[in-house]
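Only the coordinates and a few stated rules stand behind these numbers; no lab work does. Being a predicted model, the structure only gives us computed values, none of them experimental. So basically every Cβ, Gly included, is an ideal-geometry build from the backbone, and we count neighbours across all protein chains shown.
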Amino acid sequence: MSKTAAKIDLEKALLDPAGTFTQPSDIVHHPDLLRSAKIRLLTEWERGARDLAVAEDEGMTGGEESMLNRVRQAIAALGADAETEHPAASTKHG
């Protein structure tokens, strides 16, 4: 599930969700996190994934796989709509 079996340090995870979790779905299925915390984590991950997707479009990266679609699917799985809850996040350009 997560990269660590210990309790999640939410503040640290919010700074780097991808450093704490392997996949966005790990956040969705984490038993110790409240839905609101999951959405916050995924929103932060989406912000970083969107920045990476823009950089990839501009040829600034080495072709790393974008997580943007997986993060958005995880947000949707929680019943949250990224466009409704975070209107500025509706495109990869934000």
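Some values worked out for this structure:
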| read-out | value |
| --- | --- |
| At R0 = 30 Å, FRET efficiency that the Cβ-Cβ distance of Ser25 and Asp51 yields, to 0.05 | 0.90 |
| Chain lengthening between Lys7 and Arg35 when straightened (0.36 nm per residue, less Cα-Cα) | 8.5 nm |
